[in-house]
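Participant: Below is the structure I would like to discuss, written out as structure tokens.
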Amino acid sequence: MSHGTEVNVELTGGLLASWQRRNREATIPHVIGELRKAGNLENLRRLADPSVGPYRGRYPFLDTDLYKTLEGLAYEVGRDDAPAGAREFFDEVVVLLDQAQAEDGYLNSYFQDPDQPKQPWSDLGWGHELYNLGHLIQAAVAANRRLDDDRLLTIARTFADLVVRKYGEHGEEVIDGHPEVEMALVELYRETGNADYLTQARLFVDRRGQGKLKHTIFPGEYFQDHVPFRELPSVIGHAVRMAYLAAGATDVYLETGDQTLLAALERLWDDMVATKLYLTGGLGSRHSDEAIGDRYELPSERAYAETCAAIATMQWAWRMFVATGKAPYLDVYETVLYNAYAVGLSADGTAFFYDNPLQRRSDHEQRSGAEDGGELLRRAWFGCPCCPPNIVRWMSELQDQIAITRDDILYVGVYADSHITAGDLAISVSTNYPWDGEITLTVENAPAEERTIALRLPAWATEATLALPGAAGEAPALGDDGWVVVRRTFVAGDVVRLTLPMAPRAHGSHPYLDATRDAIAVARGPLVYCVEQQDVGAPVDDLILTPSAVRTAIARQRDDHLVLELTAGVAPEPPAELYPVITEATQQSAVHEVPATFIPYFLWGNREALAMRVWLRTEREG
């Protein structure tokens, strides 16, 4: 997705680069191994040779797990430190897809299976055929751009052309039950210049809510199909579907300039952030239908906050930033990146959370919603394994969500050690963010003319400072719109230094949010913190925090991250009754204090399976 001068970013160090290294060394080999064990490749092979065995798995969208992995591999197989076996796996899958594709372009190992009684296109509500196509297109575009390999693109275009013929302006007016293809079709248009793909994406957005889809199991709200998209009162229904649809609609706006779409997108986004998003950036409060839930319905211990929904929210956030240039979209993007997304992967890169609660009790089990029972913490794989390969592809693409040019301004929106090149301007960024708020930009190459660089000021950085070359003692004015803009004639060697204060913060919640009313959560910079039972000498359910205790917390190094050390109160022993009578004499004050160490939320669950909390009770001060 490019607008304005192309920006090339390479991550060179720091947390994000270490995540990508872990992705190459651990997560990708693990996912490839799990895909082989699960039978995803055999599902394609049996189309030519049924003796391979029956279709493996219970879902019609398992091909997408291959596609998402291929998309990530497109970024990795050309590297000197490419994951072992990655190139062989990539080529093997591409050959199988080419062999499996039907003459008319159709491709889906589930519906093409000789023993499958359902016919292609017979169940658009749950068949996910267009969802499959979407992920195929995104893998194909990535391979064409990154590897100059058009084999997947040929396969994807043949399938997309079939869809245009069948469901285009002169075809059947239908939609898919799971949005995703919309943003993929726009990307295919950008890659090929074929306007039919953009038209098809627009049609799929515009047809929603017009009775084009048969609703089974769940009502129209689940599919975002009960009213036209522009009339949606709020983000609603299945969380991943909603955010994918919104991201695709944003892409359509970016290419068509349809202001009615942008107005709807801004309204939906604002409502989501104000009433339906977890402190961690997680989206989705309901397990039963993986749905977003009602306004202020944000329970901590039963937060669903699916990892795929985190990725979908980031996709939407980034596109809204590209569309508007507004910094608050990146504030949300960054919150999701370092919390709701990062928590989905274990520290060693080989186990995953499907749902991401903000509290764990001792008897909580992790599950995708489809299995009996569950692991105590992360799992190596799932019966519905959509999240692990989604993590793989997004981790490989982190550098694509760092900076853009817009109206001849280079916007640096996410801070990480990196080299950024935008036309004739090249800069290096040095920082230990998100652990430290010092960000140093050094100009490596610059033209003789003035250039403008805009640096994002996160909403929490209320007292940021900026130092410019040749401006010692000067106090540059910082923007009030989330950006500090530096315009000058740069020369190689110029240094711009942005300092973002990183004081610990105590967050409360809206009074309508019953689950966490009068509770406190701890954050520092973009990171939400939590306390695990291992790090405190009293039950985490009995801890009491005050805002002053949070503000005076001390950040200390532990291994490769920072923890926050503070003093927490311990509540009196709880009553035996579930609903005791409250009297004037009831005391909520702490009876004694204990030291407590809070860790970044994204790192919880990597030790023994004990209790964890993000939100803790509080008492009034003064």
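Values quoted throughout were computed directly from the atomic coordinates according to the rules given, and no laboratory measurement underlies them. Because the structure is a prediction, the values reported are computed rather than measured. Glycine also receives a Cβ, built like all others from the backbone with ideal geometry; neighbour counts cover every protein chain displayed.
Participant: Add -39500 (n - 2.57) for each DSSP H run of 4 or more in the chain, then divide by its residues: what number comes out at 222 nm, to the nearest 500 deg cm²/dmol?
Facilitator: -9500 deg cm²/dmol
Participant: Scan segment 521-622 for trypsin sites (Lys or Arg not before Pro) in coil per DSSP, keeping those whose Cβ has at most 13 other Cβ atoms within 10 Å, and list them by number. Mind dumping the intermediate values first?
Facilitator: Working: sites: 524, 551, 556, 558, 607, 613, 617, 620; in loops: 607, 620.
Those that pass, being in a loop and sparsely packed, are 620.
Participant: Continuing with the same structure: What is the distance in Å between the Cα centres of segment 597-620 and segment 101-138?
Facilitator: 43 Å
Participant: Any chance you could run the full-extension gain for residue 192 through residue 231? It's 0.36 nm times the residue separation minus the Cα-Cα distance, nm to one decimal.
Facilitator: Gain in length upon complete extension: 10.9 nm.
Participant: What order, most packed first, do the peptides 98-110, 504-516 have when packing is the mean number of other Cβ atoms within 10 Å of each residue? Walk me through the numbers before you get to the answer.
Facilitator: On the way: 98-110: 18.2, 504-516: 16.1.
Ranked by mean Cβ neighbours within 10 Å, highest first: 98-110, 504-516.
Participant: Shape call for segment 318-440 from the C-alpha gyration tensor, a ≥ b ≥ c root eigenvalues: rounded (a/c under 1.5), prolate (a/b greater than b/c) or oblate?
Facilitator: prolate
Participant: Give the lysines reachable from residue 68 as a straight Cα distance under 21 Å; neighbours fewer than 8 places away on the same chain don't count.
Facilitator: By straight Cα distance, residue 68 reaches 37.
Participant: Turning to a different aspect of this structure: With 10 angstrom as the radius, rank 428, 346 by how many other C-beta atoms surround their C-beta, starting from the fewest.
Facilitator: The order, fewest Cβ neighbours first, is 428, 346.
Participant: Summing +1 for each Lys or Arg and -1 for each Asp or Glu, what net charge is found among the other residues whose Cβ lies under 10 Å from the Cβ of residue 544?
Facilitator: It works out to a net charge of -2.
Participant: Return the sequence-ordered ³J(HN,Hα) values of segment 342-350 in whole Hz as given by the Karplus equation 6.51 cos²θ - 1.76 cosθ + 1.60 applied to θ = phi - 60°, using x for Gly and Pro.
Facilitator: Once rounded to whole Hz, the list reads 4, 5, x, 10, 5, 4, 8, x, 10.
Participant: Cα gyration tensor of segment 505-618, axes a ≥ b ≥ c as square roots of the eigenvalues: rounded (a/c below 1.5), prolate (a/b > b/c) or oblate?
Facilitator: Working: a/c = 1.81, a/b = 1.61, b/c = 1.13.
Prolate shape, in that a/c is at least 1.5 and a/b is the bigger ratio.
Participant: Something else now. Between beta-carbons, use under 11 Å as the cut-off and find the net charge around residue 527, counting Lys and Arg +1, Asp and Glu -1.
Facilitator: +1
Participant: State, to one decimal in nm, how far the label point of residue 174 lies from the label point of residue 104, with both points 7 Å from Cα in the Cβ direction.
Facilitator: That separation, rounded to one decimal, is 1.0 nm.
Participant: Further question on the same structure: To the nearest 20 debye, what charge dipole does segment 537-622 have about its Cα centre, counting +1 at the Cβ of each Lys and Arg and -1 at the Cβ of each Asp and Glu?
Facilitator: Values: 7 positive and 12 negative charges, 65 e Å.
With only Lys, Arg, Asp and Glu charged at Cβ, the dipole is about 320 debye.
Participant: Label-point separation (nm) for residue 59 and residue 510, each offset 7 Å from Cα along Cα-to-Cβ?
Facilitator: Simple spin-label model gives 3.0 nm for this pair.
Participant: Now, a different point. Could you check the spin-label model distance between residue 567 and residue 123? Points 7 Å from the Cα along Cα→Cβ, value in nm.
Facilitator: A separation of 6.2 nm, rounded to one decimal place.
Participant: Also, I was wondering about something else. When a/c is below 1.5 the answer is rounded, else prolate if a/b is larger than b/c, else oblate, so apply that to the chain with a ≥ b ≥ c taken from the square roots of the Cα gyration tensor eigenvalues. Walk me through the intermediate numbers first.
Facilitator: On the way: a/c = 1.66, a/b = 1.22, b/c = 1.36.
Taking the square roots of the gyration eigenvalues as a ≥ b ≥ c, the chain is oblate.
Participant: What is the calculated FRET efficiency for residue 10 to residue 88, with r their C-beta to C-beta distance and R₀ = 22 Å, to the nearest 0.05?
Facilitator: The calculated FRET efficiency here is 0.30.
Participant: Quick one: check the C-alpha center-to-center distance for segment 308-323 versus segment 23-91, whole angstrom.
Facilitator: 26 Å
Participant: Treating only the Cβ atoms of Lys and Arg (+1) and Asp and Glu (-1) as charged, compute the dipole magnitude of the chain about its Cα centre; round to the nearest 20 debye.
Facilitator: Roughly 340 debye, rounded to the nearest 20.
Participant: Straight-line reach from residue 214: which aspartates and glutamates fall under 12 Å, measuring Cα to Cα and dropping same-chain residues less than 8 apart?
Facilitator: List returned: 123, 176, 225.
Participant: Measuring from centroid to centroid over Cα atoms, what is the spacing of segment 198-261 and segment 395-445 in Å?
Facilitator: The distance from the Cα centre of segment 198-261 to that of segment 395-445 comes to 33 Å.
Participant: Further, regarding this structure: With θ set to phi - 60° and the Karplus curve 6.51 cos²θ - 1.76 cosθ + 1.60, what are the ³J(HN,Hα) couplings of segment 564-578 in order, to the nearest whole Hz, using x for Gly and Pro?
Facilitator: Listing the rounded values in order: 10, 9, 8, 10, 10, x, 10, 6, x, 4, x, x, 6, 6, 6 Hz.
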